[in-house]
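Nothing in this text is a laboratory measurement; each read-out follows from the coordinates by a stated rule. The model shown is predicted, which means the values in this text are computed figures rather than measured ones. Note: ideal-geometry Cβ built from the backbone for every residue, glycine included; neighbour counts use all protein chains shown.
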């Protein structure tokens, strides 16, 4: 498995293949369609993430020395953003998650091309992921 930094660089390279943001948005939506199923019993207030305009549920599971994340949204774009975050952070050690900033956001250009509410939601998801990791590191 590649490091978080390597995964972020791979994402940046993938997004550079597209000539315009319409194609990039479509790629984000397509990534979201490939998310694994999210069990209905996890779609509860316990896993509901606040700070997102769309409905988002996020579940963290710790196994040995890593955290696995599962998430879903009722929005196609947000589901795609979730897929990107899962690729970067899921299956990593809590210490690696906490220590690595989400540099890919600026490198891809998401800050300039997401609406303020979507950007806030993206940061709420990152904060939740890093919060779960921080709890595990004590």
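Annotation note: of 71, 60, 83, 128, the sole residue that is touching a helix residue (DSSP H, G or I) at 6+ places or on another chain (Cβ under 8 Å), part of a helix (DSSP H, G or I) and closer than 17 Å to residue 38 by Cβ is 83. Taken over segment 26-46, the criterion of being over 18 Å from residue 61 (Cβ atoms), in a loop (DSSP other than H, G, I, E, B) and without any contact (Cβ under 8 Å) to a residue 40 or more places away in the chain is satisfied by 45 alone. Quick one: residue 119 ticks every box in (1) surrounded by 16 or more Cβ atoms within 10 Å (Cβ to Cβ); (2) touching a residue at least 12 places away in the same chain (Cβ under 8 Å) except a single one, so which number is it? The single condition residue 119 does not satisfy is (2).
Could you identify the single residue in 96, 135 that is touching a residue at least 60 places away in the same chain (Cβ under 8 Å) and either in a helix (DSSP H, G or I) or within 19 Å of residue 12 (Cβ to Cβ) (or both)?
Being touching a residue at least 60 places away in the same chain (Cβ under 8 Å) and either in a helix (DSSP H, G or I) or within 19 Å of residue 12 (Cβ to Cβ) (or both) holds for just one of 96, 135, which is 96.
If the condition is being within 15 Å of residue 47 (Cβ to Cβ) and without any contact (Cβ under 8 Å) to a residue 60 or more places away in the chain, then segment 122-132 contributes only 131.
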